[in-house]
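Undergrad: Below is the structure I would like to discuss, written out as structure tokens.
The values are calculated or read from the model by the stated rules, or taken from the named source; none is laboratory data. Remember, it's a predicted structure, so these values are computed and weren't measured experimentally. Don't worry about glycine lacking a Cβ; one is built from the backbone with ideal geometry, like all the others, and counts go over all protein chains shown. These area figures cover heavy atoms from the full protein model, side chains too; ligands, DNA and RNA do not enter into them. Shrake-Rupley method; radii C 1.70, N 1.55, O 1.52, S 1.80 Å.
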Amino acid sequence: MKAVVLTGGVGGAKFVLGLERSGLADTVTAIVNTGDDFRHLGLHVSPDIDTLLYALSGKSNVAQGWGREGETWSFLSAVQELGGPDWFRLGDGDLALHVLRSERLARGETLSAIVADFAAAWGIPTRILPMSEDPVRTFVDTDEGELEFQRYFVGRQCAPKVSAIRFEGAQAARAAPGVVDAILSADAVFIAPSNPYLSVDPLLAVADIAAALEQTRAPIVAISPIVGGTAVKGPTAKIMAELDIAPDNDAIADHYAAFVDALLVDASDAAPAAIPARATHTLMKTLDDKIHVAREAMALAKSLIP
Ligand code: FO1
């Protein structure tokens, strides 16, 4: 069985890990948001790709939600001593990815090739594809003006009130090599429980990806990011409130209405009225939780195959 996951940050990485470890899929392809990518200190940083690389290689700092476990901070201290920017914290080990990626991109290599090499070096069996090789950058319109994504997310800790979100470059961006084929030849497509507005929408804003989701014969199952009437982590529920959207599964189903066939929801929440749903325990704290959610999502997808 070929499984494809559209994913963003930490929630998505947990689901992809569960799917990989469930053993239910022969191949797992993760198509990753690059709208959070930006240049910092002259380096190309790809936070969602790196969060996935760290999760699947067992290197992630689980408590922190980003970066590496056991990270050291000599580089950041040296930057601070010199009065450089320290609002976005680059750890010493993490820095290796940004330096190697930036140097190879500058030599004309593709992000897809670089990510594939990193994944191979760490023995990751899941195929990790950036959504696009073209630059797509998320901007958030707020009561403090328009902010580039990392300035909003990390710099201002998501405090400003959001009124709109846009994905610069998405209209002209083509899907990265392999992305459309993966969706069209998949047996099941999953939308990870990532932030729909910040992490999944950039993928859906790439026309090739949206068209492939419409065309694919595979069932498309979204895992709701809502648990107990709120979002597990991050600003999803806050943004929903700011955009006047109720934090419930009807809103999630409505958001994905153009593509999604069914929704996996937490047992503590009401199922959506508009599409089929399956209810289970969707909090992913342990590896067993992640495998459980992956198995439930897979069962829901299988139930939709005629
Ligand atoms: N998130 C933070 O909250 N603070 C940071 O200083 C920070 C640094 C950072 C460095 C590299 C990287 O790949 C990710 C980093 N993140 C940091 C996480 C990241 O910016 C966000 O969690 C994602 O973009 C949202 O999915």
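Undergrad: Kindly express, to the nearest 10 degrees and within the range 0 to 90, the angle between helix 111-121's C-alpha long axis and the longest C-alpha principal axis of the chain.
TA: Roughly 90 degrees between the two axes.
Undergrad: Express in whole angstrom the spacing between the alpha-carbon centres of the stretch 168-196 and the stretch 6-72.
TA: 16 Å
Undergrad: Answer with one residue from Ile191, Phe259, Ala25: the one whose Cα lies farthest towards the positive end of the charge dipole of the chain, charges on Cβ with Lys, Arg +1 and Asp, Glu -1.
TA: The Cα lying farthest towards the positive end belongs to Ala25.
Undergrad: Same structure again: Starting from the Cα of Asp86, step 7 Å along the direction of its Cβ; do the same at Arg166; then give the gap between the two resulting points in nm.
TA: Placing both labels 7 Å along Cα→Cβ, they lie 3.5 nm apart.
Undergrad: Okay, next question. Under 1.5 on a/c is rounded, so check that first for the stretch 97-137, then, if it is not, pick prolate when a/b is larger than b/c and oblate when it is not; a ≥ b ≥ c are the square roots of the alpha carbon gyration tensor eigenvalues.
TA: Cα axes put the stretch 97-137 in the oblate bin.
Undergrad: So what's the angle, to the nearest 10 degrees on a 0 to 90 scale, between helix 47-56 and the longest Cα principal axis of the chain?
TA: Taking Cα atoms only, the helix is inclined about 70 degrees.
Undergrad: Name the long-range amide H neighbours of His281: under 5 Å, sequence gap of 5 or more, or other chain; modelled H, no Pro or chain starts.
TA: For His281, the qualifying residues are Ala267.
Undergrad: In nm², what is the average projected area of the convex hull enclosing the Cα atoms of the stretch 78-182?
TA: It is 9.1 nm².
Undergrad: Cα-Cα pairs above 16 Å in the stretch 173-241: how many percent?
TA: Summing the P(r) of the stretch 173-241 above 16 Å gives 52 percent of all pairs.
Undergrad: Using a simple spin-label model with points 7 Å from Cα along the Cα→Cβ vector, what separation in nm is obtained for Ala211 and Met1?
TA: 3.0 nm
Undergrad: Using the heavy atoms of the protein chains and a 1.4 angstrom probe, tell me the accessible area per residue for the chain in square angstrom.
TA: 41 Å²
Undergrad: Let me ask you something else. For Leu304 and Ala241 in the same chain, what is the full-extension length gain: residue separation times 0.36 nm, less their Cα-Cα distance, in nm?
TA: Result: 19.5 nm gained on full extension.
Undergrad: Right, here's the next one. Could you sort 67-78, 50-61, 231-242 so that the peptide with the highest average Cβ count within 10 Å comes first and the rest follow in order?
TA: 50-61, 231-242, 67-78
Undergrad: What's the angle, to the nearest 10 degrees (0 to 90), between helix 287-303's Cα axis and the longest principal axis of the chain?
TA: Helix 287-303 sits at roughly 40 degrees to that axis.
Undergrad: How far apart, in nm, are two points set 7 Å out from the Cα along the Cα-to-Cβ line at Glu109 and at Glu148?
TA: Each label point is offset 7 Å from its Cα along the Cβ direction, giving 2.4 nm.
Undergrad: Return the ratio Rg/(2.2 N^0.38 Å) for the chain, where Rg is computed over Cα atoms only.
TA: With N residues counted in the chain, Rg over 2.2 N^0.38 Å equals 0.95.
Undergrad: Given a 1.4 angstrom probe, I'd like the percentage of the accessible area of the chain that is carbon and sulfur, rounded to a whole number.
TA: About 53 percent, which is the carbon plus sulfur part of the accessible surface.
Undergrad: I would also like to ask the following. Any idea what % of Cα-Cα pairs in the stretch 21-120 are farther than 22 Å?
TA: So the portion of pairs separated by more than 22 Å is 33 percent.
Undergrad: Just the Cα atoms of the stretch 168-306, one point each, no solvent: what log10 I(q)/I(0) does Debye give at q = 0.13 Å⁻¹?
TA: Listed by q, the Debye log ratios stand at -0.56.
Undergrad: Still on this structure, I have one more. Using the Karplus curve 6.51 cos²θ - 1.76 cosθ + 1.60 with θ = phi - 60°, work out ³J(HN,Hα) for each residue of the stretch 95-104 in order, rounded to whole Hz, and write x for Gly and Pro.
TA: Along the stretch 95-104, the couplings run 4, 4, 5, 5, 5, 4, 4, 5, 5, 6 Hz.
Undergrad: Give me the lysines in straight-line cross-link reach of Lys59: C-alpha distance below 30 Å, same-chain residues under 8 apart excluded.
TA: Candidates past the 8-residue exclusion: Lys2, Lys14, Lys233, Lys238, Lys285, Lys290.
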